[in-house]
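Report on the following structure.
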């Protein structure tokens, strides 16, 4: 199985998009989600949430924010596979998820606007533009390269 560890803020949205479009609730730029769809189509990867928004998401659904997140993804024929546990920092959350996963992990990529420096993640990491633009086409191509190594 290939896995995309996905953050939202700074990856699926940008400072300008939030400023121009925020009216409450989850905010995701469809043009950024289109790039996630491109990655999934090219790699067959599963999406695992690392974003702080994951606290509102459950596999079974059930709350308004969870449904809003699922609807954004469904609009692009995407679904969320899982989320990382809530631990002290993003790196340890990703590492814990990898250890606990019942599936054979072929490859993974981490998409985040926050620099992550652990040895385990360094060759699997794509740093997006820190809220300026979110994920861009070059980031998506790099993610595909990492997943298809």
Decide, for the stretch 1-65, between rounded, prolate and oblate: order the square roots of the alpha carbon gyration tensor eigenvalues as a ≥ b ≥ c, take rounded if a/c falls under 1.5, and otherwise choose prolate if a/b is larger than b/c, else oblate. oblate
Compute a Gaussian network model of the chain, connecting alpha carbons closer than 10 Å, and tell me which residue from 93, 137, 60 fluctuates the most. 60
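How large is the Kirkwood hydrodynamic radius of the chain, in angstrom, based on all distinct alpha carbon pairs?
Working: mean 1/r = 0.0654 Å⁻¹.
This gives a value of 15.3 Å.
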Between rounded, prolate and oblate, where does the stretch 80-122 land on the alpha carbon gyration tensor, with a ≥ b ≥ c its root eigenvalues, rounded for a/c under 1.5, else prolate if a/b exceeds b/c? prolate
Residue-averaged [θ]222 nm for the chain, counting only DSSP H segments that reach four residues, each worth -39500 (n - 2.57): -11000 deg cm²/dmol
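Based on DSSP, what percent of beta bridges with both residues in the stretch 2-147 are antiparallel, to the nearest 5?
Values: 0 of 15 bridges.
Bridges in the stretch 2-147 that DSSP calls antiparallel: roughly 0 percent.
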Distance from the stretch 72-149 to the stretch 1-65 (C-alpha centre basis), Å: 11 Å
Quick check on the stretch 37-110: take the gyration tensor over C-alpha atoms, sort the square-rooted eigenvalues as a ≥ b ≥ c, and tell me if it's rounded (a/c under 1.5), prolate or oblate. oblate
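Read-outs: derived from the displayed coordinates by stated rules, not from any lab. From a predicted model like this one, the values you see are computed outputs, not experimental measurements.
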